[in-house]
Amino acid sequence: MKVIKRDGRAVDYDRTKIQTAIEKANQEVALANRASAEDIKGIITYIEELNKKRILVEDIQDIIEEKLMELKKYELAKKYIVYRYTRALVRKQNTTDETILGIIRNDSNNEYFEKNNMTAAMQRNYISAEVSRDLTKRLLLPEKIAKADEDGILYFHNADYFVHPMIGNSYINIGDMLDNGTVINGKMIESPKSFLVACIVATQIIAGLSGNQYGGQTIDMSHFGKYLRKSYKKFRLQIEKEYKGKMSEEYIEDLISKRVKSELESGIQMIQYQINVLETINGKKPVVTLFLHIKENDEYIKENIMVIEEVLKQRYQGIKDEEGREITPEFPRLVYVLDENNSLQGGKYDYLTKLAIKCSLKRGYPRYISAKKMRENYKGNVFGPIGETDFLTPLKNENGEYIFEGRFSQGIVSINLPQIAIIADGDENKFWKMLDERLELCFEALMCRHYALVGIRSNISPLHWEHGALSRMKKEERIDKMLLNNYSIITLGYMGIYETTKLIKGMSQAEKEGREFALKTIKHLKNTVEKWKKETNIAFVLSAVNSKEVLTRFLSIDREKYGIIKDVTDKTCYTGAYYLSQNEELETYERLSMESEFQNNSLGGAISYIKVDENIEEEELKKLMEYIYENVQYVKLIK
């Protein structure tokens, strides 16, 4: 028999622990009121004869109390209850010492040690994270939400930051900060006069923001073309001053072009190096996404084409590790937009897309957004994801213009769909009923995230709130207005559609009936978040989650509780998002067709993965990119 502890761990049943607990309570009462050895043995035998494979520790304690009352050992039962309460208080007072000491000692048995040989800054961050998780679980979350997280009903993301008044992912308004200046650590930074300085300022902004938010930052690189032109004009003035009339215009132009090219290379290299070597105050690299979109109506399109090309070239080249070996940079992430002018259908920028694909197959990035599908799904707009896959909702400012930069995420909570399907045991009515019950728990958990940010004042992170990254609020102004009216999003995540469909329908979503059920489930989730949005004036969105941490934790809990279930818990982690199991083969275009429908109903975040051979024929590549452009909003190419 396994005993399920309060922290979700399953341990072997040990009868001596029951005996010890009752005997300790025995010592607190008169001899006549004590339970005899036979009484204790009878209680233990009763528990063991229940023949349960798994039993909650709280259930064992409830049984002991009931049996003592049946034996008319009222005084002893009272003392046992006090003993039980005292132990609970001890647990609440200190649950982190062992983990923290392990971090300090670089204990190889500690879960954090495997991540890296920790620096002092990383140790500080992990200790802070452990304390945050502990306080979140014991004091900050309602008990039923904390218990739901422990039981794998839901996943409360980023609990290691919840004690801090931080936001999640954000879309930095880098254009405003560069054009109008900003303030970093109390020092005014004026608008840059050159491309290289703009790149330097951008990396300082990235570093300054990273320590005050737990999510990633997205930067639209189309704001940098302006500064490349400034460099061009600066170099022209310098060179003409010295050489005009002495050299031909053609030679002068060549000199200028070489200097601009050199500055472009240096600026992009500096961004790539800085992002990969920066260690922020939380001991981690900044998580940054560069959004690469060729906009035909862009005043600086020529310069921005040059910027995009250089970003792709340098990512393809990679960087070197301490041994001088070529490696793939971890950051920045790259997202490249496919539009009419570059989707390999004869557009004038197809050459950039070919470079992007070459880069993807070697370095894993960029990922690809279909401008056509985005415009269909987001009221004619094209914009980058925040974080790995999350997308904002369309929003107009007071001038009637859509805005995406300067917005952010309040956080995410994910629901464990396969667990509901396991409990429903093929009963679809039971599945829908339980799904709604658990969605209410998720709503309460998400509102905890929302209320944790209500009342925060701008001085908590001036660079975010006062100096342009997200707004230009007055000092000490509350950020509450940015939590409502669709300005920032808050996300319900889902996963395990494959296992859920298998359990309820006996087939995967590759088959018609399974696909209908899977789509019905996703639409139900979508309709639920839309209902929450109307009721609260908060921008709830739905996202398809593919986090290995979430998928592994959910499956681990469910396997402990419900055992090995074929095609469900007989692996290391659940299947992410709406994906098919790796064991199921489906022709690429058929799979993408299915997934695009799921993406269209998961507009808070979703991505599809496409395997591509490095030696793919050009015609097949054209066909694939055309299909993506016409049908799939967001994809990643993998080898």
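The values are calculated or read from the model by the stated rules, or taken from the named source; none is laboratory data. Note that the structure is predicted; figures quoted are calculated from it, not measured. Glycine gets a Cβ as well: all are built from the backbone with ideal geometry, and neighbour counts include every protein chain shown. In case anyone asks, the SASA skips ligands and DNA or RNA and just uses the protein heavy atoms, side chains included. Shrake-Rupley method; radii C 1.70, N 1.55, O 1.52, S 1.80 Å.
A few points about this structure:
- Equivalent ellipsoid semi-axes, segment 144-207, via Cα gyration tensor eigenvalues times 5, rooted, Å: 39, 12, 9
- If you plug the beta carbon distance of residue 549 and residue 57 into 1/(1 + (r/R0)^6) with R0 = 30 Å, you get a FRET efficiency near 0.70.
- Equivalent ellipsoid semi-axes, segment 1-82, via Cα gyration tensor eigenvalues times 5, rooted, Å: 23, 13, 10
- Were the residues from residue 459 through residue 143 laid out at 0.36 nm apart, the gain over their Cα-Cα distance would be 110.6 nm.
- Only protein heavy atoms count here; on that basis, with a 1.4 Å probe, residue 450 has an accessible area of about 10 Å².
- Distance in nm between pseudo-label sites at residue 238 and residue 484 (7 Å out along the Cβ direction from Cα): 5.3
- Distant alpha-carbon pairs in segment 331-470 (separation over 23 angstrom), percent: 60
- Only the Cβ atoms of Lys and Arg (+1) and of Asp and Glu (-1) were treated as charged; on that basis the dipole of the chain about its Cα centre amounts to roughly 1360 debye.
- More than 17 angstrom apart: percent of Cα pairs within segment 438-550: 64
- Calculation over all alpha carbon pairs of segment 271-377 in 10 angstrom steps from 0 returns a P(r) of 14, 42, 30, 12, 2 percent.
- The convex hull defined by the C-alpha atoms of segment 263-329 has an orientation-averaged projected area of 5.7 nm².
- Take each peptide in 26-35, 211-220, count the other Cβ atoms within 10 Å of every residue, and average; sorted highest first, the result is 211-220, 26-35.
- Pairwise label distance in nanometres, residue 185 with residue 328, each label 7 Å out on the Cα-Cβ vector: 3.4
- Label-point separation in nm, residue 530 to residue 381, each point 7 Å along Cα→Cβ: 1.8
- Relative packing of 346-352, 58-64, which averages over residues the other C-beta atoms within 10 Å, highest first: 58-64, 346-352
- Counting only DSSP beta bridges whose two residues both lie in the chain, roughly 35 percent are antiparallel.
- Förster radius 45 Å - calculated FRET efficiency between residue 440 and residue 23, Cβ distance, rounded to 0.05: 0.55
- Across all C-alpha atoms in segment 362-441, the radius of gyration and Dmax reach 18.5, 53 Å.
- Helix 225-243 vs. the chain, principal-axis angle (Cα, 0 to 90°, nearest 10): 30
- Length added when fully stretched, residue 513-residue 257, from 0.36 nm per residue minus Cα-Cα: 86.1 nm
- Part-to-part distance (alpha-carbon centres) for segment 368-443 and segment 277-353, which is given in Å: 26
- Linear extension gain, residue 71 paired with residue 301, 0.36 nm per residue minus alpha-carbon span: 74.3 nm
- Residue 355 exposes around 40 Å² of accessible area when a 1.4 Å probe is run over every protein chain in place.
- Solvent-free Debye scattering, log10 I(q)/I(0), computed from the Cα coordinates of the chain at q = 0.06, 0.09, 0.12 Å⁻¹: -0.40, -0.83, -1.35
- Computed from the Cβ-Cβ distance with R0 of 22 Å, the FRET efficiency linking residue 638 to residue 567 stands at 0.40.
- Three-way shape label, segment 213-254, alpha-carbon gyration tensor, a/c 1.5: prolate
- Accessible-area order (highest first, 1.4 angstrom probe) of the listed residues 467, 164: 164, 467
- For the chain, relative contact order (Cα pairs under 8 Å, six or more residues apart, normalised by length) works out to 13 percent.
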